[in-house]
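Trainee: Below: one structure in structure tokens.
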Amino acid sequence: QVQLVESGGGLVQAGESLRLSCAASGIIFSMNAMGWYRQAPGKQRELVATITSVGSTNYADSVKGRFTISRDNAKNTVYLQMNSLKPEDTAVYYCNAEITSSRFAAYKNYWGQGTQVTVPS
């Protein structure tokens, strides 16, 4: 069974920084795209950033220039460095990864349990 566990959330003031981590564990043969999504109260879950297995990245317009996604394939971990945080960044942040446990199996989509980021106005 594969699990994704996020860490690094918390409460920070506007303008400050946080670094989220998401570690995958279990039987992992290969990891494809990984990403971060967020869901604010009363809103739909939205994409924040994604990174492919070779390091190509994609960002939501609202976080471009402030957030940086990266990954450490040796550690099966994806990171989200969040700088210049704003109150509108307040949300539960979820990690997502496409993982296969065997060269013969298809990739499956996994989600973490979420970590809260709060930036008071």
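Trainee: Out of Ser21, Ser62, report the one residue that is farther than 22 Å from Ala106 by Cα and in contact with a Phe, Trp or Tyr (Cβ under 8 Å, 6 or more places away or on another chain).
Mentor: Ser21
Trainee: Do we find that Val63 is in contact with a strand residue (DSSP E or B) (Cβ under 7 Å, 6 or more places away or on another chain) and more than 14 Å from Gly9 (Cα to Cα) in this structure?
Mentor: yes
Trainee: Here's a follow-up. Look at the stretch 6-15 and say how many of its residues are at negative phi and either in contact with a strand residue (DSSP E or B) (Cβ under 9 Å, 6 or more places away or on another chain) or open to solvent by less than 40 Å² (accessible area, probe 1.4 Å) (or both).
Mentor: Of the residues in that region, 5 qualify.
Rundown of residues vs (1) loosely packed, with under 12 Cβ neighbours inside 10 Å; (2) in a strand (DSSP E or B); (3) touching a residue at least 40 places away in the same chain (Cβ under 8 Å), yes/no style:
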position	(1), (2), (3)
Leu4	no, yes, yes
Val54	yes, no, no
Lys64	yes, no, no
Val92	no, yes, yes
Arg103	yes, no, yes
Asn109	yes, yes, no
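Trainee: Quick check on my filter: what residues within the stretch 29-52 are open to solvent by 30 Å² or more (accessible area, probe 1.4 Å) and basic (Lys, Arg)?
Mentor: Lys43, Arg45 - these are the residues of the stretch 29-52 that are open to solvent by 30 Å² or more (accessible area, probe 1.4 Å) and basic (Lys, Arg).
Trainee: Please determine, by comparing only the residues of the stretch 74-87 that are touching a residue at least 40 places away in the same chain (Cβ under 8 Å) and exposed (fewer than 13 other Cβ atoms within 10 Å of the Cβ), which one is nearest to Ser121 (Cα to Cα).
Mentor: Going through the qualifying residues, I end up with Pro87.
Trainee: I need the full set of residues from the stretch 40-52 which are part of a strand (DSSP E or B) and closer than 17 Å to Leu85 by Cβ, in order please. Write out each step before concluding.
Mentor: If we filter the stretch 40-52 for residues that are part of a strand (DSSP E or B), which is where we start, we get 46-51.
Within the stretch 40-52, Glu46, Val48, Ala49 meet the criteria.
Trainee: Considering only the stretch 16-28, how many residues are surrounded by 13 or more Cβ atoms within 10 Å (Cβ to Cβ) and assigned to a loop (DSSP other than H, G, I, E, B)?
Mentor: 2
The values are calculated or read from the model by the stated rules, or taken from the named source; none is laboratory data. Predicted model only: the values in this text are computed from it and were never measured. In this analysis, Cβ positions are derived from the backbone assuming ideal geometry, glycine residues included, and neighbour counts consider all displayed protein chains. We work out accessible area using only protein heavy atoms, side chains counted, and drop any ligands, DNA or RNA first. Shrake-Rupley method; radii C 1.70, N 1.55, O 1.52, S 1.80 Å.
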